[in-house]
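Working notes, beginning with the structure itself.
The values are calculated or read from the model by the stated rules, or taken from the named source; none is laboratory data. In this text, all values refer to a predicted model and were calculated from it rather than measured experimentally. Note: accessible area is taken over every heavy atom of the protein model, side chains too, but ligands, DNA and RNA are not part of it. Shrake-Rupley method; radii C 1.70, N 1.55, O 1.52, S 1.80 Å.
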Amino acid sequence: MRHYPAGVTIVTLHSENGPVGFTATSFASLSAQPPLISFNIAETSSSIEALLRAKSVVVHFLGEHQRHLAQRFSRAAEDRFTDRSLWATLPTGEPVLHGTPIWVRATVHQLLPIGDHTLAIGLVTQVADNTEQSPAVGPLVYYNGAYHRAEIAD
């Protein structure tokens, strides 16, 4: 599967122990009506227990300029939110990362254990599209074990 390119997202949520987040390359749009999204999380992830108790999540679509965030949220959980200048808290409690081209807030609709992962399905409740406010950037892509810049043809 490492030879199939995927967009890079970071999923964040609020837990009773503070902010939680992780890098995910399994994001997918499932349905337009109702607006449903999905992503997977490994059963061995340090974030799985918090996700299983979460009521909502924010999925950030990373731009090519945000490789540092993808790497930060792939490392040890205690390092992910240490730099307070990188994020703020939504009124609903979830952490939201600064400078992300697009983010989507969703309530947790369904969690399905499948193999060694859990498939999370979210019902979209809010979309923030910041691509109009700043120069358009290409998406960050994960391919063959590394992050890449996508070449966008006109």
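Summary table
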quantity: Cα-derived Rg to Rh of the chain, Kirkwood definition; calculated: 0.93
quantity: Share of carbon and sulfur in the accessible heavy-atom surface of region 71-154 [1.4 Å probe, %]; calculated: 53 percent
quantity: R53 - accessible surface, heavy atoms, 1.4 Å probe, Å² rounded to 10; calculated: 120 Å²
quantity: Solvent-accessible surface (1.4 angstrom probe) belonging to T89, in square angstrom, nearest 10; calculated: 70 Å²
quantity: Share of carbon and sulfur in the accessible heavy-atom surface of region 6-47 [1.4 Å probe, %]; calculated: 53 percent
quantity: Accessible area in the full protein assembly, largest first, 1.4 Å probe, for Y142, Y147, Y4; calculated: Y4, Y142, Y147
quantity: Solvent accessible area, Å² - F61, 1.4 Å probe, full protein context; calculated: 60 Å²
quantity: Integer Hz, Karplus 6.51/-1.76/1.60 couplings in order for region 107-122, x for Gly and Pro; calculated: 7, 6, 8, 7, 10, 10, x, 9, x, 9, 10, 10, 8, 9, 10, x
quantity: Cα gyration tensor category, rounded, prolate or oblate, for region 76-154 with a/c compared to 1.5; calculated: rounded
quantity: 1.4 Å probe accessible area per residue over region 1-65, in Å²; calculated: 50 Å²
